[in-house]
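The values are calculated or read from the model by the stated rules, or taken from the named source; none is laboratory data. Computed from a prediction, not measured in an experiment: that's the story for all the values here. Please note: Cβ atoms are built from the backbone with ideal geometry, for glycine as well, and neighbour counts cover all protein chains shown.
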Amino acid sequence: MSLQEGLDTLLVVSLVAALAPLVAGLLLRLRVAQVVLLILGGILVGPDVLGWGDPDSIELISNVGLGFLFLLAGYELELELFRQRPGRLAIYGWLVTVGAALTVTGVLAATGFVKAFVPVAIGLTTTALGTLLPILRDNDMLGGRFGSCILAAGAVGEFLPIVAITIFLGASGSFVGLLSLLAMGALAGLFTIAPRLARHPRLARILAEGEHATSQTTLRWTVFLLFALLVVAEDFGLDVVLGAFLAGVVLRRWAPLDVHALEEKLDAIGYGFFIPVFFVSSGMSLDLDAIAEAPERMLVFFLLLLVVRGLPALVLYRQDLPFVQRLQMTLLTATALPLLVALSQIGVSTGDMRPENAAALVGAGVLSVMVYPGLALALNRRVAPGRDGEPEPQAQSSAAEDRAERTL
């Protein structure tokens, strides 16, 4: 790919990204999430429709956007949640989903509907927390009990499928994949002690003086952390989203100096440029011809995401959340996309997954992002104080206030 092709595609992608919030504002009554508009915009300008851009020419930038998406998802995760009820429920829910996914996928394989048993089964257990975060944050849904439950369920629905991909789909075999995963976790743990170096008075002064200057010291070290773990994950034969997610978890434990300023900078660089590129590129890469040849495959996967991944929330959270919020949990946990893209690529490259099933799986993920969060937001508008389905008062606090409370 030439530099000119990449620049032309970036120009089109940046236009789609710039128009998305304007269109979302005009369609305010429809509660259309910007993520949906970015994907739809990518489909429109992609090779299968207008042909204004080539996703292959911006693949590197798109992968960095995927990295930032998982970095911010890992950063939002509070590890303390897994010592509490929301974390335990999230793990129980995922294990129930695994059992259902294995059963359903086994039936589909027996009927000849799917060939790739493992990638499809893992795909049905995923939740796109990174994709949901901007939607949840924009609608003040990260606070209170509901916020804790969805963050824990989303984190489990991203991290544990990544672990499953590493162990069962790694190119080097399950045992080597497990060792690589342990080594990656150990390296991430070593990064958590890095801030102790900053306790040296001179280093601390240099970092503090450059934090808001042209040197942007803390932001540069954060970006280094992200790329270091991305490169290590790639070298270990692991999925790069694992490295990005761990980078976010590590960053939360040692975010230096002015943490609020760093969060604003990460939001600016991530949501301002790299993450929109990933979503638009995902829309551009969607194989519309393969989906059009067998649309029922996409619809089957789309419904299975809701049944297998979403429905357990209706039962598991019956003592913790009112019915409306359990419906929201069902819809939100059934939302998947980034890991479905990775799984389809792995399945096609190994020859285990038919191209039409890979396209249908990714298409189902795109459709889930377009439909399920919108329905959850529509339910959110029905909530009224003192009624069943009402989020707790603290759930109405803004994301910024919630972050401030956690930092104090």
Quiz item: Counting residues that are aromatic (Phe, Trp, Tyr) and under 20 Å from the mean Cα position of the chain (by Cα), which helices (runs of 4 or more DSSP H) fully inside segment 81-156 reach at least 1?
Solution: 85-110
Quiz item: Going through segment 94-132 one residue at a time, which ones are among the polar types (S, T, N, Q) and more than 21 Å from residue 244 (Cα to Cα)?
Solution: 97, 103, 105, 111
Quiz prompt | Filtered residues of segment 94-136 (kept if aromatic (Phe, Trp, Tyr) and modelled with pLDDT under 90) | solution = 113, 117
Practice problem: Working carefully through the options 361, 303, find the one that is over 24 Å from residue 137 (Cα atoms) and either in contact with a strand residue (DSSP E or B) (Cβ under 6 Å, 6 or more places away or on another chain) or at pLDDT 95 or above (or both). | Solution: 303
Practice problem: Check residue 59 against each of (1) surrounded by 18 or more Cβ atoms within 10 Å (Cβ to Cβ); (2) modelled with pLDDT of 85 or more; (3) assigned to a helix (DSSP H, G or I); (4) not β-branched (Val, Ile, Thr) and name the one condition it does not meet. | Solution: (1)
Exercise. Any chance you could count how many residues in segment 27-41 are modelled with pLDDT of 80 or more and loosely packed, with under 15 Cβ neighbours inside 10 Å?
Key: 0
Quiz item: Can you tell me which of 240, 223 is of a type in the set (A, V, I, L, M, F, W, C), in contact with a Leu (Cβ under 7 Å, 6 or more places away or on another chain) and either closer than 30 Å to residue 337 by Cβ or modelled with pLDDT of 70 or more (or both)?
Solution: 240
Quiz item: Could you say which residue among 71, 40 is farther than 29 Å from residue 227 by Cβ and either part of a loop (DSSP other than H, G, I, E, B) or in contact (Cβ under 8 Å) with a residue 40 or more places away in the chain (or both)?
Solution: 40
Exercise. Could you tell me which of the residues 369, 308, 324, 280 is at negative phi, assigned to a helix (DSSP H, G or I), touching a helix residue (DSSP H, G or I) at 6+ places or on another chain (Cβ under 7 Å) and modelled with pLDDT under 90?
Key: 369
Quiz item: In segment 90-118, how many residues are surrounded by 15 or more Cβ atoms within 10 Å (Cβ to Cβ) and without any contact (Cβ under 8 Å) to a residue 12 or more places away in the chain?
Solution: 1
Quiz item: If only one of 297, 309, 326, 318 is free of Cβ contacts under 8 Å to residues at least 24 places away in the same chain, buried (at least 17 other Cβ atoms within 10 Å of the Cβ) and either under 28 Å from residue 19 (Cα atoms) or not hydroxyl-bearing (Ser, Thr, Tyr) (or both), which one is it?
Solution: 326
Practice problem: Considering only residues that are in contact (Cβ under 8 Å) with a residue 40 or more places away in the chain and assigned to a helix (DSSP H, G or I), look in segment 283-294 and name the one that is nearest to the chain's Cα centre (by Cα). | Solution: 283
Quiz item: Any idea which of (1) at pLDDT 90 or above; (2) more than 25 Å from residue 145 (Cα to Cα); (3) not aliphatic (A, V, I, L, M) is the one residue 21 doesn't satisfy?
Solution: (1)
